[in-house]
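Here is the structure we will look at, set down as structure tokens.
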2 protein chains.
Amino acid sequence: MTECIFCKIAQGEIPAEIVYENEDVVVFRDLNPQAPIHLLAIPRVHIASMNDLDNAHAALAGKLLLAAKTVAAQEGIADSGYRVVMNCGEGAGQTVFHIHLHILGGRPFSWPPG
Amino acid sequence: MTECIFCKIAQGEIPAEIVYENEDVVVFRDLNPQAPIHLLAIPRVHIASMNDLDNAHAALAGKLLLAAKTVAAQEGIADSGYRVVMNCGEGAGQTVFHIHLHILGGRPFSWPPG
């Protein structure tokens, strides 16, 4: 039994507003949106953080970026622009230890990115 | 002849402080660092933006995230934490149209990410 909330979302055991999914990836709305569009793309398999990626995960990790492109088009932010962010470790703001790519759009963005 | 500055860096035609490279990816220091550690990971092949990724790029795109893990360890920020960011489009702050993953570490990060 996993206690990982994002594993449970991927398995349909916890509700989320899923906007896209395929065999490998699920994308759903962040519950604390920081932009008009704020989505999280996760792999279905549990990988705790970027530090836990290995070479065998290359295609899977890339599919998170491909999913960002897909949902950006779907949400109407492909042309206006969007930012994707992944935090590794509590020191960088990672709060759920199942890798997730933040996809934000629908407003201007400042620099630095936090 | 490409006019893309990041293609030229990948080809060694423009100097950059390269900290890691392999067959597919080059990582170098950002000239306008926004954190004590601020690196850019790029693919050697020219892909203008996230909107130009297609399914055939999955493994290559993932190798940018794998490179982030690798250089985070190399730069001593794997444990303290790091944030990776990719902007798509001028509206999100993309200034060079060759995809690049910002890798930032060595300081605390705020939320939202810009």
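The values are calculated or read from the model by the stated rules, or taken from the named source; none is laboratory data. Just so it is clear, the structure is predicted and the values come from calculations on it, not from any experiment. Heads up, the Cβs are rebuilt from the backbone with ideal geometry, glycines too, and the neighbour counts pull from every protein chain shown. Areas reflect the complete protein model, heavy atoms only, side chains present, ligands, DNA and RNA absent. Shrake-Rupley method; radii C 1.70, N 1.55, O 1.52, S 1.80 Å.
Points worth noting:
- Residue-wise HN-Hα couplings along region A:27-42, as the Karplus relation 6.51 cos²θ - 1.76 cosθ + 1.60 with θ = phi - 60° gives them from phi, are 10, 9, 6, 5, 6, 10, x, 10, 6, x, 10, 9, 10, 10, 9, 10 Hz; Gly and Pro carry x.
- Global geometry of region B:16-114, whether rounded, prolate or oblate, following the gyration tensor of its Cα atoms and the 1.5 cut on a/c: oblate
- Label point 7 Å beyond Cα along the C-beta direction, distances from B:Gln74 to other copies (nm, shortest first): 3.6
- Pairwise label distance in nanometres, A:Ala56 with B:Phe97, each label 7 Å out on the Cα-Cβ vector: 4.0
- Virtual paramagnetic centre 7 Å along Cα→Cβ of B:His46, amide N under 13 Å, in region B:66-101: B:97-99
- Free-standing Cys residues across chain A, given no other cysteine C-beta under 4.7 angstrom: A:Cys88
- In this rough spin-label picture, where each label sits 7 Å from Cα along the Cβ direction, the B:Glu3-B:Ala73 distance is 4.1 nm.
- When GluC sites (Glu not before Pro) are flagged only if DSSP places them in a loop and at most 14 other Cβ atoms lie within 10 Å, the longest unflagged stretch of chain A comes out as A:24-114.
- Inter-chain neighbour count for B:51-60: the average number of beta-carbon atoms from partner chains within 10 Å of each residue's beta-carbon is 5.
- Principal-axis tilt of helix B:58-75 within chain B, Cα atoms, nearest 10 degrees: 40
- Accessible area expressed per residue, region A:5-105, with surrounding protein chains retained (probe 1.4 Å, Å²): 40
- Whole-Hz couplings from phi, Karplus 6.51/-1.76/1.60, listed for region B:91-98; x for Gly and Pro: x, 9, x, 6, 10, 10, 8, 9
- The portion of the accessible surface of chain B made up by carbon and sulfur, rounded to a whole percent, is 52 (1.4 Å probe; DNA, RNA and ligands excluded).
- Judged by the ratio a/c of the largest to the smallest principal axis of the C-alpha gyration tensor, region A:1-73 counts as oblate, that ratio being 1.5 or greater while a/b is no larger than b/c.
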